[in-house]
Amino acid sequence: MGEPGDVDGNGRGDAASPPGAGGADAGITAGRHRQHAAAGTVPGTEGRRVDPGADVAAAARPRTVDEANQRLTELGAGVALTELLSGFIVELRTAGLPVSLTENLDAMAAIQHIPLDDRDAFKYALGATLVKNASHWRVFETVFEVYFSLRGREFALTDEQAEAMGDLDDLLSEMQSDQQGEQQGAGGVGDSMTPEELAEMLMRALSQNNEAMLKALARQAVRRYAGMEPGRPVGGTYYLYRTLRNLDLDGVMDKLMQQAREQAPEPLTPLEERLEHDEYEARVDQLRKEIEAEIRRRLVADRGVEAMARTLRKPLPEDVDFMHASREEMASLRKAIYPLTRKLAVRLARKRRHGRKGPLDFRSTVRHSLSTGGVPIEPRFRYPRPSKPEIFVVADISGSVASFARFTLHLVYAISNQFSKVRAFVFIDGIDEVTRLFEGTEDIGEAVHRVNTEADVIWVDGHSDYGHAFEVFWQRYGKDVGPKTTVLLLGDARNNYHATQSWVVKEMQHRARHVYWLNPEPRSYWDTGDSIIGEYATHCDGVFECRNLRQLERFVDHLV
Amino acid sequence: MTDPASPDSHRFESVPAVRESLAKVDYLADDGIAGIVYLADRLGKPVLVEGPAGTGKTQLAKSVAEISGARLIRLQCYEGLDESKALYEWNYKKQLLRIQAQRNDGATWDDVEEDIFSDEFLLTRPLLEAIRAEDPVVLLIDEVDRVEVETEALLLEILSDYQVSIPELGTVTANQVPLVFLTSNNTRELSEALKRRCLFLHVDYPDLDREREIVLSKVPGITENLADQVARIVRSIRQLELKKPPSVSETLDWARTLLLLGVEQVDAATATGTANILLKYQSDIARATKELEQDSTLGGDAAGAGAAKPWQRNG
């Protein structure tokens, strides 16, 4: 296969010359042409080709000298772009996205066809060719923002000070003429604005949803409040925090709602209030994003692309560690779990159905032979339905591993139709059965939430005591464990130096079909400190490290 | 394999042109959608469209077919789909008849063999039909995630080379590169091989402005004010943690309902009273009702939950 090589050659060649050349291979074509109504192109002639270069020029003509220069560098020194792109792809791979060589080449081919300085088009072209999983989009976006943050018209940092001021001034005067002097005369020019004026502008921009204005204000706010200095070794979150604290967005939000209430002819109904609130919240979110982007741009300019990409690298949702997930990551995990369970359920149901062939189904074979004149060409088989296992989930829900238990319960219950029965038990140092919370509710998330609040799991002091919990479990529910039962034990086995009572697990294994232990700690921490996983492990059929959704999914797949 | 087999004159001029012509057939594309349709045309690559149900994935293929004046060929995927349903099949009944008819005229074996594996006995199925079509076509492979992983392999040859190999006939190559759309509801992970051959487009719920525009263009007679309210309420509902957030088609159904009911101003009572059109799960309806009436007294909540009962759908 020589083609990828060729394409590669083309890609580089095109990048070095104006991208019009990209049209050459796309344009080698014989007579057929349909809706192509391009003005001025003569169908069928050798020279007929659609020149992406023309599109580039048409779509965005440079407006200033600087800009033109910049574009020339981009087009002329296309090699730089190619290099940037390969750096970009390396970073995507490091972040965990599976980008293949073909996709890389596709991306190169794709950007020949779009105007380079249309940032969004550029982003979508790269996204469509490089990212093949919607949950990877966020990671892609972050890397993209870092790599291309200094490119494009509105983001140029050179002379940005002046330019941004210009923007702000324009907007300001525009607004003033709109508002007919309602604003006090001085009406702030950039830095000369007082904080109160800035806040006032912010309020107005938010209530009118003026995007350009918000952008300019975000820039202004970062410049004024973030206190960014070159080479200062603090993270972007610090600057973000400083900026947001000074802007007091919560206060702004309250004021906006107040204003909405006052402006309404009659008192707002709860529904209206909610809608207004959501609307403003969306706008404030937008502002926050602008501020984040601005800070990121400045950091990239200060520290360089690679360093920033490294610091901002985020794990994919399926790789986020349960035990160390931030609040935001938790939210994305919760969102990821529902599609995951759905996928898993479909896969498992299919696996069950197509497991193996059973005995001949005589009736069906004869029935189907009718269409071939009674000759049984295709034999039909009876597919056996393997019996479904019974699942007992015994989960530690003490602070350190609570989120892990929550996700596992969620997952197990979401695919509960794959099991004949699911029972859930939770413990810290006492144990309680929570199966009832899941019964008769469609909302697993809600049930899992109730587990945390309603289960009676404290016996003495609320520190994990696996030994006692297991002992009580065995006394109360041990008789229900039978040869069809699979027991899942969830926890880090950090027993706070209590008695292990590992005989319970031994008995369990004796009586149950399988006993598995899922541990959310990295394997290297096992059996260190007060972790006694090794002692329990000897009596389990398998102990699995389960730190993220990927591992959890793999285990459940194995389970059925 | 990345070589787009003999591209015709391109279908679309530029991204904005795609967008405008789509808008003319009442499909409001955002920049991402228009951009990828444009790229698919330029690069001669299939588009894999993924996203929640009811966000207009299939409609996109239909609309693109409409604006490019092409015939839409649709392959609906399902579990158990195989070669004989997707690609081609030999019409063996006819072949049998042929053999039996031949028996009497004393034709030689070679004649018969040659004869029964000819075009005449070939039943084309959607994929082959798209490849052999003389007129411009748009091929839609709907819900590709429903077929088994093994069956996906059937598609690979078509998607990368626009050709089908039939052992008895040889390779059939496309006369023209059709635009191919694959849709997926993401019920399972598609194979890497398939994804690699496609451009990927994730269609999500539209943002507020786009949804309002969609409602305005798809529901004739609706006022701008009502459309705006509909879009805003739907956005608020989508922010809740629901089993199945309302899709665009459900938004449209709801807007039509409100229009028929002669509602001009949506208040909480109307919204909750017709919530069963937007939401299809009892638990979702209950939650939305509770949230929309959030600021009222606790009694109101209970009443809302009680009132939820009558709308319960069977199954």
(Q) Under 5 Å between amide hydrogens, which residues at least 5 positions from B:Arg71 or on another chain qualify, with H placed 1.01 Å from N in the peptide plane? (A) B:Val137, B:Val138
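Please give the contour-minus-distance gain from B:Ala193 to B:Leu260: 0.36 nm per residue of separation, less the Cα-Cα distance, rounded to one decimal in nm.
Taking 0.36 nm per residue and subtracting the Cα distance, the gain is 19.3 nm.
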Q. Across the residues of A:113-122, average count of Cβ atoms on other protein chains within 10 Å?
A. 4
**Q.** segment B:208-294: translational diffusion in µm²/s, Stokes-Einstein, Kirkwood Rh over Cα pairs, 4 °C, 1.567 mPa s
**A.** 102
Q. What angle, in degrees between 0 and 90 and rounded to the nearest 10, separates the Cα long axis of helix B:298-308 from the longest principal axis of the Cα atoms of chain B?
A. 40
Q.
Suppose only helical runs count, i.e. DSSP H with n ≥ 4. What mean residue ellipticity at 222 nm does that imply for chain B under -39500 (n - 2.57) per run, divided by all residues and rounded to the nearest 500 deg cm²/dmol?
A. -14500 deg cm²/dmol
Q | Computed log₁₀ I(q)/I(0) - Debye formula, equal Cα scatterers, no solvent, chain B, q 0.15 Å⁻¹ | A | -1.15
Q.
Per 0.36 nm of contour for each residue apart, how much would the distance between A:Arg119 and A:Lys388 grow if the chain were fully extended, relative to their Cα-Cα spacing?
A. 91.6 nm
Q: Would you mind getting me the FRET efficiency between A:Ile458 and A:Asp319? Use the beta-carbon distance for r and R0 = 41 Å, nearest 0.05.
A: 0.80
Q | Average beta-carbon neighbours from other chains, 10 Å sphere, peptide A:267-279 | A | 6
Q: With r as the distance between the Cβ atoms of A:Ala499 and A:Arg436 and R0 = 30 Å, compute the FRET efficiency 1/(1 + (r/R0)^6) and round to 0.05.
A: 0.50
Q: Quote the FRET efficiency, to the nearest 0.05, computed for A:Arg138 versus A:Asp527 with a Förster distance R0 of 35 Å and r equal to the Cβ-Cβ distance.
A: 0.45
Q.
Could you work out how much longer the chain between A:Arg342 and A:Glu306 gets when fully extended? Use 0.36 nm per residue separation minus the Cα distance between them, nm to one decimal.
A. 9.2 nm
(Q) Kirkwood Rh over alpha-carbon pairs of segment A:387-559, then Stokes-Einstein at 4 °C and 1.567 mPa s: what D in µm² s⁻¹, rounded to an integer? (A) 82
Q) Say we join alpha carbon atoms closer than 10 Å with springs in a Gaussian network model of chain B; which of B:Pro167, B:Pro46, B:Pro16 then has the biggest fluctuation? A) B:Pro167
Q) From the cross-link list A:Lys335/B:Lys57; A:Lys123/B:Lys290; A:Lys215/B:Lys57; B:Lys93/B:Lys195, which pairs have alpha carbons spaced over 28 Å apart? A) A:Lys123/B:Lys290; A:Lys215/B:Lys57; B:Lys93/B:Lys195
Q | Average partner coverage of A:125-137, which counts Cβ from other chains inside 10 Å | A | 6
Q: Would you mind calculating the relative contact order of segment B:98-252 from Cα pairs under 8 angstrom and at least 6 residues apart, reporting the percent as a whole number?
A: 20
**Q.** Alpha-carbon Rg/Rh ratio, for segment A:264-416, with Rh computed the Kirkwood way
**A.** 1.24
Q. Placing +1 at every Lys and Arg Cβ and -1 at every Asp and Glu Cβ, with all other atoms neutral, what dipole size does chain B have around its Cα centre, in debye to the nearest 20?
A. 1020
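Throughout, read-outs are computed from the coordinates displayed, never taken from laboratory work. Owing to the predicted nature of the structure, the values given are computational and were not obtained by experimental measurement. Virtual Cβ from ideal backbone geometry, glycine too; neighbours counted across all protein chains shown.
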